[in-house]
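Here's the structure we're looking at; comments come further down.
The values are calculated or read from the model by the stated rules, or taken from the named source; none is laboratory data. These numbers come from a predicted model, not from an experiment. Counting neighbours? That spans all protein chains shown, and the Cβs are built from the backbone with ideal geometry, glycine included. The accessibility values were calculated without ligands, DNA or RNA, using every heavy atom of the protein model including side chains. Shrake-Rupley method; radii C 1.70, N 1.55, O 1.52, S 1.80 Å.
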Amino acid sequence: MSAAIIAILVGGTGWLLLPDEADPHDYVRKPDDVVIGDGSLAAVLERYRVSLPDQATDVHFHDNESLIGSEGTLFLHFEMPHAGLTPFLQTLKVGRLTPGLPAGWDLGGEGQRFGWSFRGSSWRGAQRRAEGTVTYSVAVGQAAKVDSVYVIAEYP
């Protein structure tokens, strides 16, 4: 009976994705994670209006959806050449990077679940709070040639 209900939800509506069908770039999902749409990296980036730089490597994401309340939160990590960082930040309109992490970042919870760690003092951050649209927060570990970029994109 329950298998039939799941089959109807998955096949009939096309919006619920089972955890074992995750995009290979997705962090490991928990069985109770809600996924709306096909759960692919391309679909999630489009929903949060994020354009991943062409030079991005080691891409990982998690789309924390809720059927009630907010429209969700995207956790995104990737690495990219330092030269492409400024154009990426401009697409998010977050402004210039300043020393430290973006205000209000909780290093526990979801970030800890994905292995996010911000040790040391070399981190720089930027964020943009906007009414009615996606809020972007970015933390960057800058290196000589390759930057480690963490993005949290959140619908109000």
Given the conditions (1) open to solvent by 20 Å² or more (accessible area, probe 1.4 Å); (2) closer than 17 Å to K145 by Cβ, report the number of the one that L85 does not fulfil.
(1)
Residues of the stretch 117-137 being under 18 Å from G72 (Cβ atoms) and either in contact with a helix residue (DSSP H, G or I) (Cβ under 6 Å, 6 or more places away or on another chain) or modelled with pLDDT of 80 or more (or both), which ones?
Q127, R128, T133, V134, T135, Y136, S137
Every residue in the stretch 138-156 that is open to solvent by 10 Å² or more (accessible area, probe 1.4 Å) and of a type outside the set (A, V, I, L, M), please.
G141, Q142, K145, S148, Y150, E154, Y155, P156
